[in-house]
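The values are calculated or read from the model by the stated rules, or taken from the named source; none is laboratory data. If you're wondering where the values come from, they're calculated on a predicted model, not measured in any experiment. When we count neighbours, we look across all protein chains shown, and the Cβ atoms used for this are built from the backbone with ideal geometry, even at glycine.
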């Protein structure tokens, strides 16, 4: 895939500090270089314990700097030169320790000295244990850094390297960080391929109540829909994201409407029209309980099971695709476990969509859950009236970028 050289002529100084998320930085360097940036790397001593300077030098094509007292570099006051020649300083990962040093103006190594010497904009991608992220000292340091004008991306919610640990603390994915850098240097969103367009996206699961404490749902995380919303906004669109219950934060600039049930989602979707593009990425529950109980259903010891009568939920994709206020381009998703392409073609015709994104959500062998549902990667087949295009496995962020590029191209053509 050809990628616009949106960072051409820019020098990004990447400061890598000593966290396990340092293993993601070669991919981050690659993402920025493929967008045309020159990437120079400084590593703290702690960072070199997780990944080698040799690796970063190979992917950046530049020498990697690690020591303040490097005689060859410091002959021409190298730390000042590094600080002044950068168009942006990006710290990824930013550990709690490094954030504390920055907030208090400490400078005892090359990385922290450069931070004090630079006049370039600074962006940080924090990464640490959730307890450290929530600690009052870290929160104070975070506010100080923000007050100094430091831009913060993340951290994300998810599993930690420590067994059994989860919460807010994961470094944002390399693609998301690269897109944030890209967005900072974008001269004007009005120049994007979807500028002036309204993109409507549904995402996440729906929760269909059984009683006040139970519901019917599915394992959708909403990650693919949220990635699409971020990509559409980056392309210049006004984005309405109609989301079922998720633990995700809406991408910056996106208007999120939170819903619970399929009926709620249909109502919100109709209210958000007109739109130029509608993307139905939500995993809407097919059925709901015909008459949800207003009180909790309880066991009484008799062994009798409550009778749950199910009724079909509205078909949101078909309703919008065949309605009088139809968007110019409609994309639906088909999560399947067998005959992926066949079911995708059937859905394209039956629903009246322009595209169906068919993906295999079969969990790994021997497991009931896992894989695409809740994961960070996707392998899709894009189905249109012209045929089927199998895509290789890639991150959901990359899938979103390619789908939005395709929609923008077809809409503008």
Could you please let me know if residue 296 is in contact (Cβ under 8 Å) with a residue 40 or more places away in the chain and farther than 29 Å from residue 326 by Cβ?
yes
Selection status of residue 322, without any contact (Cβ under 8 Å) to a residue 24 or more places away in the chain, closer than 30 Å to residue 336 by Cβ and either under 28 Å from the mean Cα position of the chain (by Cα) or loosely packed, with under 14 Cβ neighbours inside 10 Å (or both)
no
Listed residues 119, 95; which is out of contact with any strand residue (DSSP E or B) (no Cβ under 7 Å at 6 or more places or on another chain) and either at pLDDT 95 or above or surrounded by 17 or more Cβ atoms within 10 Å (Cβ to Cβ) (or both)?
95
Per the filter on the range 246-276, residues under 24 Å from residue 378 (Cβ atoms) and surrounded by fewer than 16 Cβ atoms within 10 Å (Cβ to Cβ) are 247, 249, 252, 253, 258
Considering only the range 174-211, state which residues are part of a loop (DSSP other than H, G, I, E, B) and modelled with pLDDT under 90.
186, 187, 188, 192
Give the residue, chosen from 36, 105, that is farther than 21 Å from residue 151 by Cα and either surrounded by fewer than 17 Cβ atoms within 10 Å (Cβ to Cβ) or more than 24 Å from the chain's Cα centre (by Cα) (or both).
36
Return the only residue of 216, 242, 201 being within 20 Å of residue 408 (Cβ to Cβ) and in contact (Cβ under 8 Å) with a residue 40 or more places away in the chain.
201
The residue that is farthest from residue 376 (Cα to Cα), considering only those in the range 391-405 that are without any contact (Cβ under 8 Å) to a residue 40 or more places away in the chain and in contact with a strand residue (DSSP E or B) (Cβ under 8 Å, 6 or more places away or on another chain), is 391
Got at least one residue in the range 62-69 being surrounded by fewer than 19 Cβ atoms within 10 Å (Cβ to Cβ) and within 27 Å of residue 156 (Cβ to Cβ)?
no
Would you please list the contacts, defined by Cβ atoms under 8 Å and residues six or more apart or on different chains, that run from a residue in the range 126-142 that is touching a residue at least 60 places away in the same chain (Cβ under 8 Å) to a residue that is surrounded by 14 or more Cβ atoms within 10 Å (Cβ to Cβ) and part of a helix (DSSP H, G or I)?
127/20; 127/21; 128/96; 128/138
